[in-house]
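Each value in this text was obtained by applying a stated rule to the coordinates, not by laboratory testing. The structure displayed is predicted, hence computed values, not measured ones. With ideal geometry, Cβ positions are generated from the backbone for all residues, glycine too; neighbour counts draw on all protein chains shown.
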Amino acid sequence: IVGHVRKMAPTFQKRLRALADHPLAGEARGVGLLGGLELVKDKRTKQSFDGKIGLGAKVVALAQEEGLICRAVAGDTIGICPPLIITTDEIHEMFDITEKGLNEVENHVRKENLRAV
C-alpha cells in the first residue's frame, strides 16, 4: 500500500495544487494523499468569509451529492483524504467533482455578492 500511495501521490498533489487557481482558493496544501483547500473571500489578502455562511460545508454537500466524501474542517477548509488504494482515474474524478462544487459555490458567492459583505 505504501508503494501505491507513493505512486499516486504526485497525481493527487498536482490536481490539488491546480485548485489553488480557483477564485475561492486561498491555499491548497497537502502531503501524500492528504489535502486541504482553504476557501477565502479575497485571494490577495487571504481574508476569510464570515464563518456563518458555511461555504466549505456547501462545497462538501455538493460533492457528496456527486458521490464524493470529503469534509469541511477548521471553518472553510475542505479536507480531502481518499482511500489509500485509489486509482489515477479515481483521483481525477475526485478532483473533477471537487472543482464542480467549487464552481457552483463561486456562482453562489457572485450571485449573492458575498465578497462585498
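List of remarks:
- Value of [θ]222 nm, deg cm²/dmol, for the chain, DSSP H segments ≥ 4, -39500 (n - 2.57) each, nearest 500: -15000 deg cm²/dmol
- Separation of the Thr45 and Thr87 label points, Cα + 7 Å toward Cβ, nm: 4.7
- Screening the chain for whole DSSP H helices with an alpha carbon extent of at least 30 angstrom along the helix axis and a mean Kyte-Doolittle hydropathy of at least 0.5 yields nothing.
- 9 Å beta-carbon shell around Gly101, net charge (K/R +1, D/E -1): -2
- Computed Kirkwood radius, in angstrom, where 1/r is averaged over Cα pairs of the chain: 14.3
- Measuring nothing but how far apart in sequence close Cα pairs (under 8 Å, 6+ apart) lie, relative to its length, the chain scores a relative contact order of 25 percent.
- Stretched out straight at 0.36 nm per residue, the stretch from Glu66 to Asn103 would grow longer than its current Cα-Cα span by 11.9 nm.
- The alpha-carbon of Lys41 sits under 20 angstrom from the alpha-carbons of these aspartates and glutamates, leaving out residues fewer than 8 places away in its chain: Asp21, Glu27, Asp50, Asp76, Glu99, Glu104, Glu106, Glu112.
- A full extension of the chain between Val73 and Lys14 corresponds to an added length of 19.1 nm, given 0.36 nm per residue minus the alpha carbon distance.
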